[in-house]
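Inspection log for the structure reproduced underneath, given as structure tokens.
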Amino acid sequence: MDFKDSPEEAAFRAEARAFLAANARPKGDGAPLAVRSDPATLEAAKAWQRKKAEAGFACITWPKELGGRGGTPIQQVIYAQEEEQFETPPNVFAIGLGMCVPTVMAFADTATKQRFVAPAVRGDEIWCQLFSEPAAGSDVAGLRTRAVRDGDDWVVNGQKVWTSGAHFSDFGILLTRTNPDVPKHKGLTMFWVDMKAPGVEARPIHQMSGDREFNEVYFTDVRIPDSQRLGEVGAGWQVALVTLMNERLAVGTGYGPTPEELMALARALDLGGRPAMADQAFREKLADWYVAAQGLKFTKFRTLTALSRGQTPGPEASIGKIVSANQMQEMSAMALDLADQYGILNDPAEAPFGGLFHRNFMFAPGLRIAGGTDEILRNIIAERVLGLPGDVRVDKDIAFKDLPTGR
Amino acid sequence: MDFDFSDDQKFMKEQARKFLKEQCDSRVARGVLNDPARGYDADLWRRIAGMGWLGIPIAEQHGGLGLGQIALCAIAEEMGRACAPVPFASTVYFFTQAVLLAGSSEQQAALLPAVAAGDLIGAWAVAEGAGVAAPGSALGCRVEGGRLSGVKVPVTDGAIADRLIVLAQEGGQAGLYLVDARGGGVRAETLASLDPTRNVARVTFDGAPAERLGDAGDGWALAQAVLDRAAVLLAFEQVGGTDACLEMAKDYALNRYAFGRVIGGNQAIKHKLADMYVKGELARSNAYFGAWALEEGGAELPLAAAAARIAGSEAYWFAAKENIQTHGGMGFTWEADCHLHYRRSEQLRLVAGAPRLWKERLISQLEQRNAA
Ligand SMILES: Cc1cc2nc3c(=O)[nH]c(=O)nc-3n(C[C@H](O)[C@H](O)[C@H](O)COP(=O)(O)OP(=O)(O)OC[C@H]3O[C@@H](n4cnc5c(N)ncnc54)[C@H](O)[C@@H]3O)c2cc1C
């Protein structure tokens, strides 16, 4: 065990730092966070991704011939640590590069990989994840979007929902039902799909935060060639599990206000004649949050160490999002509390950090749901990590079409 | 001991719930949310005035119903349940209470009939920026020769108010002052807030004519006394809001299917809803005690008000966020009503000062009582 850089790691860190210093602004100069999907932001995000890819800092662990660096997981961590200290455009590639493209890499043929991976790494093409449906979120295997074989094609009809970034994505990975007569996990098949194909329509959904970053996506008689299938017919669930395993690695830490931002706020606020920073109750909370954030960070290091030793990270990586999403909600709520009555103002001209805490406050509820809810993640920890018995399942051995459903 | 609303009060509460269900479904709050420049729903406000609710704590001689504070608490609970986008709290819990508490008989006679008739929206202008001023500290708002200058921010309902009560300093002494918001020397500017269904403004005074309410030098003490009263009434709104969230969550949990059964069949959801209920009932009981203390007007009030405020803030916050969680992705949409309560719970939590201050105040009260 060694938390210090080896000489090679130190050299890599210096290289990363030099790249960032030459190409990005240091954090904390108060620039307002941009809304993610406006065209200018999207262009800035793409330009930044291309720069990173060209310098060998995008998808560091992926093979060189696919646009990566052929580097190590530790290098990935080092780069992320360095990048964190800079103001960079919002990462619109996280779902694509974190979940979708790894799935393509695991299941597609060589030609497909050569066509798609490098442009995704360079940020030229964006991918989205088309899993959730109106009646299938936590229970994603209960999805209804139908794919029916027709010659060399499949014909897809149905609706996806909550698809982040579908409106600006070029491609997606799409989980469909190909056989409703078998139990639900057995009748699924995965495809990749061109989001510009005839019959695909993305309609942005207005979120409670005011943004419109996720979508309803309708599929009407969309023809997908069988060559776009990922994995075997009926093996879509196994393919989806690979996506979801990558999700656990992709999401986890790094959300929301940092303890440092909260401290900066607390130093500036007066609470009845003394700075909020002197308040004992606040200091205790802050200590708890800092310790939890460190715990997550080092847990991630352990996961990556396992990865670099060729071991598969297990479902223990699920703790990341439970902790960080709830912490984002608590910390932003605390920031509002500290400002007292004034805390209700989210006017960018009035609110501290241009309204950063308020945006976190309004986005945190979504983060507690996206990519597996708090409750589902706890079930995963209890059942798959601790080995506690699963719920009595009423839906395991019945044909999908005979399952009870609600509204 | 009789720890419940009377039959008359219950009847009135039922009527209020029915009225608000019909007149104030979530489309009404959304109308203001989507167009914050409106500030409030003027039609609903007129209809509420027509019901006489603005005059509940006001004596009949001043055009009110003279039904007392406990009846007002019953209505407050229903206003909170409905997330009503009207300046009821500012006008009735703050402005009217301050006039009842500190106004001369002339001031009461001049102001209260207009409030009861729905012709006067009142607002409470104490805060001067982020954080909390220590009681007794110097104020930016000053009165000289009957004219007030300075800035108050945030002022809830400040841009739609007719009259303001302002905490200001005159010759080194703090006092409460009445200012005509429609008169000269007052400029109000609406600011963006988390809950646009309650207007928030920055109000700038530039030599505005000001009339003192209560004695010179009593400003901070009066402000705290008004806050104690408002805290109890706001706690009832929080109790109503908590109830509304629990009802929404329960309804969704009974109808949404995952894994072949309703999500409410999972213990994770059952326990979540049970926790909402427990917090809601603790808040309700503390609010009832607050209502009694408010009506009695005795020495119990500060402690009872603090307890009601702390429990109400905690219950509503928990219920609002976990109601979203129970709704999954749907709960995170603009279209679902969950966020109306998430926003309102934060508004109610902050509007009379964040709970952390009330906790300090509560413990100080306990210390004093134990020392005595
Ligand atoms: C901001 C955001 C972005 C998203 N992006 C994407 C995306 O890009 N692609 C995509 O495919 N999906 C995406 N989603 C969808 C997300 O994965 C689902 O919303 C989530 O899995 C929950 O599903 P649901 O919304 O159907 O809620 P439900 O599954 O209906 O859940 C409702 C409630 O019931 C609880 N519950 C359900 N089952 C159980 C159980 N067995 N035990 C205990 N509690 C249970 C849940 O925890 C929740 O509280 C996104 C969601 C959000 C909020």
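The values are calculated or read from the model by the stated rules, or taken from the named source; none is laboratory data. Values in this document were obtained by computation on a predicted structure and should not be read as measured data. As a convention, Cβ positions derive from the backbone with ideal geometry for all residues, glycine included, and neighbour counts pool all protein chains shown. Just the protein is used for accessible areas: all its heavy atoms, side chains included, with ligands, DNA and RNA removed. Shrake-Rupley method; radii C 1.70, N 1.55, O 1.52, S 1.80 Å.
Among residues of segment A:78-101 being within 16 Å of the ligand (Cβ to nearest atom) and either open to solvent by 20 Å² or more (accessible area, probe 1.4 Å) or under 29 Å from residue A:2 (Cα atoms) (or both), the one that is farthest from the other protein chains (Cβ to nearest Cβ) is A:97.
Which of the numbered conditions does residue B:300 fail, given that it passes all the others? Conditions: (1) facing another protein chain (nearest Cβ under 10 Å); (2) over 20 Å from the mean Cα position of the chain (by Cα). The number of the failed condition is (1). Scanning segment B:285-340 for residues that are surrounded by fewer than 22 Cβ atoms within 10 Å (Cβ to Cβ), closer than 16 Å to residue A:361 by Cα and in contact with a strand residue (DSSP E or B) (Cβ under 9 Å, 6 or more places away or on another chain) yields a total of 2.
Taking the numbered list (1) without any contact (Cβ under 8 Å) to a residue 60 or more places away in the chain; (2) outside any helix (DSSP H, G or I); (3) under 24 Å from residue B:157 (Cα atoms) in turn, residue B:353 passes all entries but (1). If you go through segment A:265-281 and keep only what is more than 8 Å from chain B (Cβ to nearest Cβ) and either part of a strand (DSSP E or B) or buried (at least 16 other Cβ atoms within 10 Å of the Cβ) (or both), you end up with A:265, A:266, A:274, A:275, A:277. Scoring residue B:256 on the criteria (1) within 16 Å of the ligand (Cβ to nearest atom); (2) open to solvent by 50 Å² or more (accessible area, probe 1.4 Å) leaves a single failure, condition (2). All conditions in (1) more than 7 Å from chain B (Cβ to nearest Cβ); (2) within 16 Å of the ligand (Cβ to nearest atom); (3) outside any helix (DSSP H, G or I) hold for residue A:376, with the sole exception of (3). For residue A:107, the conditions (1) open to solvent by 30 Å² or more (accessible area, probe 1.4 Å); (2) within 16 Å of the ligand (Cβ to nearest atom); (3) over 18 Å from the mean Cα position of the chain (by Cα) are fulfilled apart from (2). Restricting attention to segment B:353-368, does a residue exist that is more than 14 Å from the ligand (Cβ to nearest atom), open to solvent by 40 Å² or more (accessible area, probe 1.4 Å), of a type in the set (Asp, Glu) and within 14 Å of chain A (Cβ to nearest Cβ)? Checking segment B:353-368: at least one residue is more than 14 Å from the ligand (Cβ to nearest atom), open to solvent by 40 Å² or more (accessible area, probe 1.4 Å), of a type in the set (Asp, Glu) and within 14 Å of chain A (Cβ to nearest Cβ).
Test of understanding: among A:120, A:197, which residue is open to solvent by less than 50 Å² (accessible area, probe 1.4 Å) and either within 16 Å of the ligand (Cβ to nearest atom) or assigned by TED's automatic domain parsing to the domain that holds residue A:44 (or both)? Checking each option against the conditions leaves just A:120. How many residues are more than 9 Å from the ligand (Cβ to nearest atom) and open to solvent by 30 Å² or more (accessible area, probe 1.4 Å) when one looks only at segment A:125-147? Number satisfying all stated conditions: 3. Summed over segment B:314-372, residues that are under 27 Å from residue B:199 (Cα atoms) and modelled with pLDDT under 95 total 2. Among the residues of segment B:74-92, is there at least one that is outside any helix (DSSP H, G or I), at negative phi and open to solvent by 30 Å² or more (accessible area, probe 1.4 Å)? The answer is no; no qualifying residue exists.
Counting only strands (runs of 3 or more DSSP E) that fall entirely inside segment B:103-162 and contain at least 3 residues that are surrounded by 17 or more Cβ atoms within 10 Å (Cβ to Cβ), under 21 Å from the mean Cα position of the chain (by Cα) and among the small types (Gly, Ala, Ser), the qualifying elements are B:122-125. Test residue A:295 against the criterion of being modelled with pLDDT of 90 or more and within 9 Å of another protein chain (Cβ to nearest Cβ), and give yes or no. Taking the combined requirement at face value, the residue does not satisfy it.
Selection within segment B:259-274: residues that are under 13 Å from residue B:326 (Cβ atoms) and more than 9 Å from the ligand (Cβ to nearest atom). The member of this set that is farthest from the chain's Cα centre (by Cα) is B:262. Residues that are under 25 Å from residue B:333 (Cα atoms) and part of a loop (DSSP other than H, G, I, E, B) do occur in segment A:383-406.
Against the numbered list (1) modelled with pLDDT under 95; (2) touching a helix residue (DSSP H, G or I) at 6+ places or on another chain (Cβ under 9 Å), residue B:265 comes up short only at (1).
Residue pairs whose Cβ atoms lie under 7 Å apart, sitting 6 or more positions apart in sequence or on different chains, and linking a residue in segment A:136-154 that is within 12 Å of chain B (Cβ to nearest Cβ) to a partner that is of a type in the set (Phe, Trp, Tyr), are A:139/B:259; A:140/A:131; A:141/A:237.
Taking residues in segment A:370-397 that are within 15 Å of residue A:185 (Cβ to Cβ) and in contact (Cβ under 8 Å) with a residue 12 or more places away in the chain, and partners anywhere that are assigned to a loop (DSSP other than H, G, I, E, B) and more than 9 Å from the ligand (Cβ to nearest atom), the pairs with Cβ atoms closer than 9 Å and at least 6 places apart or on different chains are A:395/A:403; A:395/A:404; A:395/B:260; A:396/B:260. Looking across A:191, A:214, one residue alone is open to solvent by less than 60 Å² (accessible area, probe 1.4 Å), more than 14 Å from every other protein chain (Cβ to nearest Cβ) and out of contact with any Asp or Glu (no Cβ under 8 Å at 6 or more places or on another chain). It is A:191.
Among the numbered conditions (1) open to solvent by less than 50 Å² (accessible area, probe 1.4 Å); (2) among the polar types (S, T, N, Q); (3) in the same structural domain as residue A:213 (by TED's automatic domain parsing), the only one that residue A:75 does not meet is (3).
From the residues in segment A:148-171 that are more than 29 Å from residue A:377 (Cβ to Cβ) and buried (at least 17 other Cβ atoms within 10 Å of the Cβ), which one is nearest to the ligand (Cβ to nearest atom)?
Looking at residues that are more than 29 Å from residue A:377 (Cβ to Cβ) and buried (at least 17 other Cβ atoms within 10 Å of the Cβ), I get A:156.
Mind checking which residues of segment B:253-268 are among the β-branched types (Val, Ile, Thr) and more than 7 Å from chain A (Cβ to nearest Cβ)?
Our first condition is that a residue be among the β-branched types (Val, Ile, Thr); within segment B:253-268, this holds for B:262-263.
Once the filter is applied, which keeps residues that are among the β-branched types (Val, Ile, Thr) and more than 7 Å from chain A (Cβ to nearest Cβ), segment B:253-268 yields only B:263.
Yes/no matrix, rows are residues, columns are (1) in contact (Cβ under 8 Å) with a residue 24 or more places away in the chain; (2) open to solvent by 50 Å² or more (accessible area, probe 1.4 Å):
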position: A:314; (1), (2): yes, no
position: A:326; (1), (2): yes, no
position: A:330; (1), (2): yes, yes
position: A:350; (1), (2): no, no
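Can you confirm whether segment B:233-252 contains a residue that is within 13 Å of the ligand (Cβ to nearest atom), within 10 Å of another protein chain (Cβ to nearest Cβ) and open to solvent by 10 Å² or more (accessible area, probe 1.4 Å)? Scanning segment B:233-252 turns up at least one residue that is within 13 Å of the ligand (Cβ to nearest atom), within 10 Å of another protein chain (Cβ to nearest Cβ) and open to solvent by 10 Å² or more (accessible area, probe 1.4 Å).
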